[in-house]
Structures are given as structure tokens and as C-alpha cells.
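Structure first, then comments.
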Amino acid sequence: MARLIRPFAGERAQLVAKALIQEFGTLGNVLEASPHRLGHLLPDDRNIVEQIVAARNLVHIGLKQRVDGRPVRPDDAAMHDYLRNRLGNSAEERLAAVYVAASGHFLADDIVGVGCNASISVCMRTLFRRAFDLGANALLLAHNHPSGKLAPSALDVVNTRRLQSVARSLNIVLIDHLIITAAGAFSMMSDRVL
């Protein structure tokens, strides 16, 4: 990591890299850390914090370009990479909605719910209003499990079935609901949970 940050950390690269790894554990976790947490750890190194955030944004843009305008498939490795980056290594669960055109192509995505480490609160009205505003005919949902467990909880299944029912009544197809972790992706549709 010291070699990566040397261009903007200079002689302090080794010291800064050590502090980052001690605090966050991995390069991936450093890239996922909020600017606030990075700034708290490196209060005298604003430039380094800005460069780390810029690197994260470049990775995000590159991953989004791999899915933007392409057919949305729940088994697509590029989609999994993008969603893993989007949901990150967050300490709380986050729910992402991928909005899909009638052609099956990616339109947009949003984080539509944030919760604690075991559940997510989502406003269905906001989720479906956005789908209508975009002209989406389908949704792909994905959320992270901070625990790292790929299996859905009973609450995940109940809430997804409820959301699927609302979507169906609005003529919006729920393509799938994925659970994304560093270890992989779990498809509720493929495993016949839905």
C-alpha cells in the first residue's frame, strides 16, 4: 500500500500505509472507508484522504461503465462486482435497487434503504416512484450482510415477498434479490426462496 500512496504521501507513505492497514485491515476496506473516518485517522493529511476518495470514485465509475446500458442479469459477474462496490463493506445493511428498462437494460441504481446490522428499512413509495420516474419495467434488488453470511434471513424473505407483491400489482417485475458479500452473491430466485 505504501507504494500506491507514495506519489501523494511522499516520505510519510510507509507510516500512513501502516496506520491505514491497522485501522481498516485491507486495501478494500480503506477504499470503502468514509471520508470522515479517513479524515479522523489522518487529520493532518487532507490531500491523502482526497486521493483515496478519488481512487474509490474512479473504481466505482469503471465498474459502473461495465453494467451501464447492458442487459441486467442476476448471474452477471460484472453486476456482482458493481453491486459489491456499491454496497461496500458497510457495518450496516444497505439495499440497492437497480432499475431496468423494458429492453432489460440497466437504467440507474440507488441505495434505497439503510439499516442496522440485521435489518433494513425501505420506503416502498420512494422506491416505486423512482421506478416510474425512470420508466423502469423491472427491478433487481441487492443488499449486503455485514455478517458475511450469504443466506437470507427469515425477515429478508418476508420483506422481499411483500415488496415483490407490491411490484407485481404495479406491473413491475422483480428480477431477483441478491445478497452480496465479499465471499459471493446469493440469488433468492435461483435458490427458489422467491
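Can I get the semi-axes of region 1-85's equivalent ellipsoid? Compute them from the C-alpha gyration tensor as square roots of 5 times the eigenvalues, in angstrom, largest first.
29, 12, 11
By how many degrees, 0 to 90 and rounded to 10, does the Cα axis of helix 77-87 deviate from the longest principal axis of the chain?
70 degrees
What angle, in degrees between 0 and 90 and rounded to the nearest 10, separates the Cα long axis of helix 46-67 from the longest principal axis of the Cα atoms of the chain?
So the helix axis and the longest Cα principal axis differ by about 30 degrees.
Please identify the chymotrypsin sites (Phe, Trp or Tyr not before Pro) of region 25-110 that satisfy two criteria: DSSP loop assignment and at most 15 other Cβ atoms within 10 Å. Which are they?
Taking region 25-110 and a limit of 15 other Cβ atoms within 10 Å, no loop chymotrypsin sites (Phe, Trp or Tyr not before Pro) are found.
Between the DSSP loop rule and a limit of at most 16 other Cβ atoms within 10 Å, which trypsin sites (Lys or Arg not before Pro) in region 85-194 are left?
Passing both the DSSP loop test and the Cβ count: Lys149, Arg192.
How long, wide and thick is the chain, going by the Cα atoms along their three principal axes, in whole angstroms, largest first?
Reported extents, whole Å, longest axis first: 60, 33, 27.
Using just the helices of the chain, give the 222 nm mean residue ellipticity in deg cm²/dmol: DSSP H runs with n ≥ 4 each add -39,500 (n - 2.57), and the total is spread over all residues, rounded to 500.
-14500 deg cm²/dmol
About its Cα centre, how strong a charge dipole does region 1-102 have in debye, to the nearest 20, once Lys and Arg get +1 and Asp and Glu get -1 at the Cβ?
That gives region 1-102 a dipole magnitude of about 220 debye.
Where the Cα atoms of region 47-144 are projected onto their three principal axes, how long is each span, largest first, in whole Å?
Its Cα atoms span 43, 30, 25 Å along the three principal axes.
If you put +1 on each Lys and Arg Cβ and -1 on each Asp and Glu Cβ, how big is the dipole of the chain around its Cα centre, in Debye rounded to 20?
Magnitude of the dipole: close to 200 debye.
Apply 1/(1 + (r/R0)^6) to the Cβ-Cβ distance of Phe8 and Glu92, taking R0 = 30 Å, and write down the FRET efficiency to the nearest 0.05.
The pair Phe8/Glu92 has a calculated efficiency of 0.50.
At 1.4 Å probe size, with every protein chain present, just tell me what the per residue accessible area of region 96-194 comes to in Å².
The answer is 48 Å² per residue.
Starting from the 7 Å offset along Cα-to-Cβ, what nm value, one decimal, do you get for the label separation of Asn47 and Ala102?
Placing both labels 7 Å along Cα→Cβ, they lie 5.4 nm apart.
The values are calculated or read from the model by the stated rules, or taken from the named source; none is laboratory data. Everything numeric in this text was worked out from a predicted model, so none of it was measured. Neighbour counts run over all protein chains shown; Cβ positions are idealised from the backbone, glycine included. Only protein heavy atoms, including side chains, enter the accessible area calculation; ligands, DNA and RNA are left aside. Shrake-Rupley method; radii C 1.70, N 1.55, O 1.52, S 1.80 Å.
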